[in-house]
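Shown next, in structure tokens, is the structure this report addresses.
Just so it is clear, none of the values below were taken in a lab; they were calculated from the coordinates. Keep in mind the model is a prediction, meaning the values are calculated, not measured. Every residue, glycine among them, receives a Cβ derived from its backbone with ideal geometry; neighbour counts consider all protein chains shown.
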Number of protein chains: 2
Amino acid sequence: VGPEALSLWKSKSTFTSFGVFFLQMGWGDLGAFGEPSKETPNLDQMASEGMLFLDFYTANPLCSPSRAALLTGRLPVRNGFYTTNAHARNAYTPQDIVGGIADSELLLPELLKKAGYINKIIGKWHLGHRLQFHPLKHGFDEWFGSPNCHFGPFDNRALPNIPVYRDWEMIGRYYEDFKIDRKTGEANLTQIYLQEALDFISKQQGSQQPFFLYWAIDATHAPVYASKQFLGTSQRGLYGDAVREIDDSIGKILKHLQKLGISEKTFVFFTSDNGAALISAPKQGGSNGRFLCGKQTTFEGGMRAPAIAWWPGHIPAGGVSHQLGSVMDLFTTSLSLAGLQPPSDRQIDGIDLLPAILQGKLIDRPIFYYRGNEMMAVRVGLYKAHYWTWSNSWEEYSKGIDFCPGQNVSGVTTHTLEEHTTLPLLFHLGMDPGEKYPLSFPSDEYQRAMERISVVVQQHKMTMVPGEPQLNVCDKAVMNWSPPGCEKLGKCLKPPKSDPKKCFWPH
Amino acid sequence: VGPEALSLWKSKSTFTSFGVFFLQMGWGDLGAFGEPSKETPNLDQMASEGMLFLDFYTANPLCSPSRAALLTGRLPVRNGFYTTNAHARNAYTPQDIVGGIADSELLLPELLKKAGYINKIIGKWHLGHRLQFHPLKHGFDEWFGSPNCHFGPFDNRALPNIPVYRDWEMIGRYYEDFKIDRKTGEANLTQIYLQEALDFISKQQGSQQPFFLYWAIDATHAPVYASKQFLGTSQRGLYGDAVREIDDSIGKILKHLQKLGISEKTFVFFTSDNGAALISAPKQGGSNGRFLCGKQTTFEGGMRAPAIAWWPGHIPAGGVSHQLGSVMDLFTTSLSLAGLQPPSDRQIDGIDLLPAILQGKLIDRPIFYYRGNEMMAVRVGLYKAHYWTWSNSWEEYSKGIDFCPGQNVSGVTTHTLEEHTTLPLLFHLGMDPGEKYPLSFPSDEYQRAMERISVVVQQHKMTMVPGEPQLNVCDKAVMNWSPPGCEKLGKCLKPPKSDPKKCFWPH
């Protein structure tokens, strides 16, 4: 496709629907990416019918910031999903978080609405749970799912269990009404999420309205769960059972699109919000393949994400792209597909991937690896420079909290926050994707690569205007004590007195 | 295919030719196995047209023993390719080795000859270089290649450079006549080996004679090399260039079979003699994906091998097998394809993989991990029990010799030879393919698995009759000073006085 054909095609594209599968899964969890049990036949087929992105990144090594970045096209440090309580700390949206997505941020569904889209989120929102942050106030038309992570509390006594919403109101709570058996790992939530997706797609097909479906499920996040029919079916234990069920569900959604005859009008993307959580391994944690460390870190295992684009009739089957990509690109790419321009009044970090997807172009762009308020590392081409390194503190590590189990690269996986801003640690990710062999500082290769990288970093830092940090303040009073709808269910709980405090982010 | 169809088909199979691609390449080096640069399109296509074996093993973590095992169908401890100079030491066939393959061993080509096959080896023999061990004395009809590894010497002064043979006579030496530029990595040897293969196949096609081609190339063994046209073409550096050239060559050989119309009569298998040598990483060493350690060790990275079976019209395209397989199985499987029985006068360790390949059956069999004279570990089902662990000695490790760079699993990657025969270290390779989380000794799972494994190990040890060790004695006088044919070339060198000594095997 030449540029003209592309623009022609763009003008026709107002009716392209989008599906985004977004969850926690590691690079090494898919058969197509080398998982040795090879138990993801549907995702592997999605890849063989679509395009595999091998150099695709989350916007952050943690969930909430990555999700905010996906929907805003902006780095967390810009959209406010970070903390300044301490230097280089990961932060997210637990139940006592006071902040969330600011009204001033423009979310993908808000923009798509202008082009006539109907937008649904199924699953975990994670952009703040107080009423002002509700997804239906930020562009979504429908919601089925939870505002926070399902990992606790579990008994609803001292603290409220996480609510599950349908649109504006809660319809129950995890562990009480939406059961997850933490002994057996049994829960039928993925099946519910699947049915929600199929129903939504069927409904829009009837109305001919283009849609944006954000399928943000969480069965692979500890406590990991799977339906009865999938329990014990994997070589990989409970985590593998959950992966199999997700894989099966995605296969069913894609087949549904095909059955309805709208697969060629629906752009679908699969990716992850962060690397696999190795701290939950082996029973509840996934795999980042040969990459270093996992979730919470700015090594490749924390942020390199599996990624598949699928759009039969448009994307050449079996394609492979080395385009450096980011979840933030889905924002800009979706707007492009809908014939919309990204907002011009703010910095957008996501780029339009269509030239890479449809024309095989490689767009030169860097990847920034942030941990909280600090740019820890940057990738330019095949080189990655670490300006700061840290896995976690000695104090945490000595308690058994380990984001890099079994991995130990001297001077690289550090347990004190190490500054390398004068002489960054440099890796060639083609030769050394596992970040084991820093290049020699006096080498010509180091000098040449750092000259190029320094310009990129300088430019980035000079133009950086951080947003107001949203993840600084915590308060037990803001928890989901009495979400809308609780009265009808008799599930309102009494909040304690407000006592806002700085949130504690240990790593 | 039912059992009857299988036996019917067996009786027709006398004319099935075999190709075996056998080289040093790690599990993680192929795109199909998740290498992040995805630069092996031909091997990936071979896999998508054939069957991927995900649980396939070399017979040893080192080259010579694995090669002897492939050709004899027997563990190195039976066929003599091990040492008793010290406990649990890796040994191979350097230029000063006195031993080699015993006349009493029956090699695959010897047996295939009886069924009318013509047999050729292209590349590295490695089963002893003294005249009595010559491949043409052990069943091969043709040879182009070298008796030992090409890694040195390089100057032909103090020690003779390794000779390259055509059939009975040498035709030159590495570094003198067959150049490998160790600065640039340039060498056209893979192209020569490719042409040898294509010519041999064409010739047999003319004569309608079934053939066995053993393509044992070595471009991915340090010093790694590639032809000019492949240099600099990989994201992975010189090693990746070599892999690309091998991938390209294998693609050309498979296409050649198709062009000649004999692909449906030719069973082709691709696998490796040991895990990637991480000690040569990153510039000259490959990847074992997420497996632990590499060549020289009995962790998965030392012995889990990439493996692809290809036989259009017989093997269902895109197949995946979890059959526990071994390079020794190629011996028995090839005999089965040729309508021959394996020898009944000796223990054969290889099994016939045809039921797994053609009928999707899973045959229950263990995998034994030996280091020299010691059974270090055993795999039964998804469980692997380590009876001994050792990466290498502290003395070597402190000199920078590291078979597990960047990996350190406490109590598992040990630098002293550790005995666990009373309470083996047990891993569940489905949940934990990286061998990071030993199962708890008092757990029910441990007890149940070890009960099953103990029976297998007891049986194995009770019936084990070790062969005479061939890799104990070294002598500079037996080096390739004056190989047959040296006179014609004026390349004979004077051997020193014989001074046989125990070979020194440091790990």
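Can you tell me what share of the DSSP beta bridges in the protein assembly as shown is antiparallel? A percent to the nearest 5 is fine.
Working: 63 of 117 bridges.
Of all bridge pairs located within the protein assembly as shown, approximately 55 percent are antiparallel.
Go from 0 up to the bin containing the longest alpha carbon distance in segment A:370-463, width 5 Å each, and give me the % of pairs per bin.
Result returned by the calculation: 3, 13, 22, 24, 18, 11, 6, 3, 0.
Farthest toward the dipole's positive end in chain B, which of B:456, B:134, B:350, given Cβ charges of +1 (Lys, Arg) and -1 (Asp, Glu) about the Cα centre?
B:134
Express the C-alpha Rg of segment B:146-287 as a ratio against the empirical globular expectation 2.2 N^0.38 Å, rounded to two decimals. Don't jump to the answer; show the numbers that get you there.
On the way: Rg = 16.2 Å, N = 142, 2.2 N^0.38 = 14.5 Å.
So the Cα radius of gyration is 1.12 times the expected 2.2 N^0.38 Å.
Charges on Cβ only, +1 for Lys and Arg, -1 for Asp and Glu, centred on the Cα centroid of segment B:16-364; of B:87, B:153, B:253, which one is farthest towards the dipole's positive end?
Value computed over the given set: B:153.
What translational diffusion coefficient, to the nearest whole µm²/s, does the protein assembly as shown have by Stokes-Einstein, given a Kirkwood radius computed over alpha-carbon pairs, a temperature of 4 °C and 1.567 mPa s viscosity? Each step should come with its number before you reach the end.
Details: Rh = 30.1 Å.
In µm²/s, the coefficient rounds to 43.
Mind listing the phi-derived Karplus ³J(HN,Hα) values for segment B:365-377, rounded to whole Hz, using 6.51, -1.76 and 1.60 with θ = phi - 60°, and x for any glycine or proline?
With coefficients 6.51, -1.76 and 1.60, one gets 7, x, 10, 9, 10, 9, 10, x, 8, 10, 6, 7, 7 Hz.
Rounded, prolate or oblate for segment A:232-381? Axes are the square roots of the Cα gyration tensor eigenvalues, ordered a ≥ b ≥ c, and the cut-off for rounded is a/c under 1.5. Each step should come with its number before you reach the end.
Values: a/c = 2.07, a/b = 1.08, b/c = 1.91.
Judged from the Cα gyration tensor, segment A:232-381 comes out oblate (a/c at least 1.5, b/c at or above a/b).
About its Cα centre, what dipole magnitude does chain B give when the only charges are +1 on Lys and Arg Cβ and -1 on Asp and Glu Cβ, stated in debye to the nearest 20? Walk me through the numbers before you get to the answer.
Working: 49 positive and 50 negative charges, 141 e Å.
So the magnitude is around 680 debye.
Quick test of your reading: applying the under-4.7 Å Cβ rule, which cysteines of chain A are isolated?
That list is A:63, A:149.
Between segment A:175-237 and segment A:320-392, what is the C-alpha centre distance in whole Å?
One Cα centre to the other: 29 Å.
What are the extents of the Cα atoms of segment B:23-128 along their three principal axes, listed from largest to smallest and rounded to whole Å?
Largest to smallest, the principal-axis extents are 42, 41, 24 Å.
Extending each Cα 7 Å along its Cβ direction at residue B:168 and residue A:84, get the distance between those two points in nm, one decimal.
8.6 nm
Using only alpha carbon positions, build the gyration tensor of chain B, then give the equivalent ellipsoid semi-axes as the square roots of 5 times its eigenvalues, largest first, whole angstrom. Could the numbers behind the result be given before it?
On the way: eigenvalues 196, 164, 107 Å².
Semi-axes (√(5λ), whole Å): 31, 29, 23.
Please give the charge dipole size of the protein assembly as shown, origin at the Cα centre, charges +1 on K and R Cβ atoms and -1 on D and E Cβ atoms. Round to the nearest 20 debye. Please report the intermediate quantities before stating the final value.
Working: 98 positive and 100 negative charges, 38 e Å.
Here the size comes out at about 180 debye.
How much mean residue ellipticity at 222 nm does chain A get from its helices, if each DSSP H run of length 4 or more adds -39500 (n - 2.57) and you divide by all residues, to the nearest 500 deg cm²/dmol? Don't skip to the end; give the middle numbers.
Values: 13 runs with 129 residues, N = 507.
Using -39500 (n - 2.57) per qualifying helix, the result is -7500 deg cm²/dmol.
What is the spread of the Cα atoms of segment B:311-413 along each of their three principal axes, largest first, in whole Å?
Rounded to whole Å, the extents work out to 52, 38, 24 Å.
Positive end of the charge dipole of chain B (Lys, Arg +1 and Asp, Glu -1 on Cβ, about the Cα centre): tell me which of B:165, B:323, B:413 has its Cα farthest that way.
Sorting the options by dipole projection puts first B:165.
Within 15 Å, Cβ to Cβ, of residue A:260, how many net charges do the neighbouring residues add up to if Lys/Arg are +1 and Asp/Glu are -1?
Numbers: positive: A:203, A:252, A:255, A:259, A:265; negative: A:199, A:264.
Result for the neighbourhood of residue A:260: +3.
What residues qualify as long-range amide H neighbours of residue A:162, i.e. H under 5 Å apart, gap of 5 or more or another chain, H built at 1.01 Å from N?
Those qualifying (amide H under 5 Å, at least 5 residues apart or on another chain) are A:174.
Quick one: what are the phi-derived ³J(HN,Hα) couplings along segment B:383-389, Karplus 6.51/-1.76/1.60 with θ = phi - 60°, whole Hz, x for glycine and proline?
9, 10, 10, 9, 8, 9, 10
What is the distance, in nm, between label points placed 7 Å from the Cα along the Cα-to-Cβ direction at residue A:444 and at residue B:502?
The modelled label-to-label distance comes out at 4.9 nm.
Got a sec? Which residues in segment A:283-322 would a label at residue A:418 touch, if it sits 7 Å along Cα→Cβ and we count backbone N under 17 Å?
A:292-294, A:297-301
How far apart, in nm, are the 7 Å Cα→Cβ label points at residue A:468 and residue B:482?
For the pair residue A:468/residue B:482, the computed spacing is 9.2 nm.
Multiply the residue separation of residue B:203 and residue B:258 by 0.36 nm, subtract the distance between their alpha-carbon atoms, and state the gained length in nm to one decimal.
Details: separation 55, 0.36 × 55 = 19.80 nm, distance 1.50 nm.
Extra length from residue B:203 to residue B:258 when fully extended: 18.3 nm.
Sequence gap at least 6, Cα distance under 8 Å: using those rules, report the relative contact order of chain B to the nearest whole percent.
Working: 1196 pairs, mean separation 125.8, N = 507.
The normalised contact order for chain B reaches 25 percent.
Bin all alpha-carbon pair distances of segment A:71-130 at 5 Å intervals from 0 and give each bin's fraction as a whole percent.
Each 5 Å bin holds this share of Cα pairs: 4, 15, 22, 25, 18, 9, 5, 2, 0.
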